[in-house]
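Peer 1: Here's a structure for you.
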Amino acid sequence: MQSVTYRVDQSPVTPYQYLQDVEKYAGNIECLECEARAWYVRGSMSGGRERSACFAAHHTDECEIRTVVLVVDDPDVVPDEGADTARIVVDLDKRKAQDIMVPEPRDRQPTDTLWGAIHKKYANAADYPINKSLRQILSCLIKNPSYPEDDATIRIVCDGGRIALEGEVRQLLSYQTQLSGIDPGVVRLYWGLITNVNRKDGNTWLNCGDYRTEPSLLIRDEELEEEMLKAFRLKSLDDLEGAYFIVMGWLSGSETKPIINFGFAKYIAFVKYRVRDEDEV
């Protein structure tokens, strides 16, 4: 797209205008037709061809003004959503993509546990025999935001089996626009879309919209940033603009400006996109 809408006053914005006042427009632009959140895409050279700077968005299927095609960068294999989703387990120490679902054991009763706190106990491998990834869960959420079924449970383990989070998925998982009423400091899952990245006072912010009023993921120090660059093979965190994320973390900030915090790169996953080159099939 060569023109988008500025959400504040519905005025049109071109790439040139965007660059004249990035702080004003970043996180506040959307598709003229389907109103999907948009982000700025820098110009580039590929195969001797120059691609002009433009805007991109995750348009609705019915939108007719898409001018670039987004493709998933380094996609995972997403499992059949028809499988039994009664129990999901994620081992944050393993990144290898495997089946996301674990069938409910027929000879065991569900265990009631408190959710939202880190438990100092260890997982029983007999209950959750197969490892999954946060990224696979995110891939399913992008296709179906209501995933998984209402009574599905999740167990997230790390550090050799310590349970970091456990409970009903629907009680533990929140989209970026559904953070009202969540207590600060409570560990849970969050997911959403990164529309822009900025840096201020030595911190890096992955913003889910207007950095002043909408949620942001906070990268507190250079060590975490370097860990993420290495873990996700990024040249810069700016490469995450337009990416979906899922993270195990906690909230700080305020009701009017939620801040999502997390401690290590293994606690977060992305489905990252790039603009498809013209010569790609």
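The values are calculated or read from the model by the stated rules, or taken from the named source; none is laboratory data. Please read all numbers here as calculations on a predicted model, not as lab measurements. Cβ sites come from the backbone with ideal geometry, for glycine too, and all protein chains shown count toward neighbours.
Peer 1: Please count how many residues of region 1-38 are touching a Ser or Thr at 6+ places or on another chain (Cβ under 8 Å) and not small (Gly, Ala, Ser).
Peer 2: Taking region 1-38 and keeping what is touching a Ser or Thr at 6+ places or on another chain (Cβ under 8 Å), we get 1-3, 5, 11-15, 26-27, 29-32, 34-38.
Then drop every residue that is not not small (Gly, Ala, Ser), which leaves 1-2, 5, 12-15, 29-32, 34-35, 37.
Counting residues in region 1-38 that are touching a Ser or Thr at 6+ places or on another chain (Cβ under 8 Å) and not small (Gly, Ala, Ser) gives 14.
Peer 1: Which one of GLU168, GLU222, GLU227 is surrounded by fewer than 19 Cβ atoms within 10 Å (Cβ to Cβ), over 27 Å from CYS54 (Cα atoms) and touching a helix residue (DSSP H, G or I) at 6+ places or on another chain (Cβ under 6 Å)? Full working, then the answer.
Peer 2: Details: GLU168 fails: touching a helix residue (DSSP H, G or I) at 6+ places or on another chain (Cβ under 6 Å); GLU222 fails: touching a helix residue (DSSP H, G or I) at 6+ places or on another chain (Cβ under 6 Å).
So the residue among GLU168, GLU222, GLU227 that is surrounded by fewer than 19 Cβ atoms within 10 Å (Cβ to Cβ), over 27 Å from CYS54 (Cα atoms) and touching a helix residue (DSSP H, G or I) at 6+ places or on another chain (Cβ under 6 Å) is GLU227.
The rows are residues; the columns are (1) within 13 Å of the chain's Cα centre (by Cα); (2) without any contact (Cβ under 8 Å) to a residue 60 or more places away in the chain.
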| residue | (1), (2) |
| --- | --- |
| LYS200 | no, yes |
| ARG212 | no, yes |
| MET228 | no, yes |
| TRP250 | no, no |
| ILE260 | yes, no |
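Peer 1: Oh, and also: Does any residue of region 219-236 turn out to be at pLDDT 90 or above and closer than 20 Å to ASP183 by Cβ?
Peer 2: no
Peer 1: Can you name the number of the only condition in (1) at negative phi; (2) surrounded by fewer than 20 Cβ atoms within 10 Å (Cβ to Cβ) that GLN10 fails?
Peer 2: Result: GLN10 fails condition (1) only.
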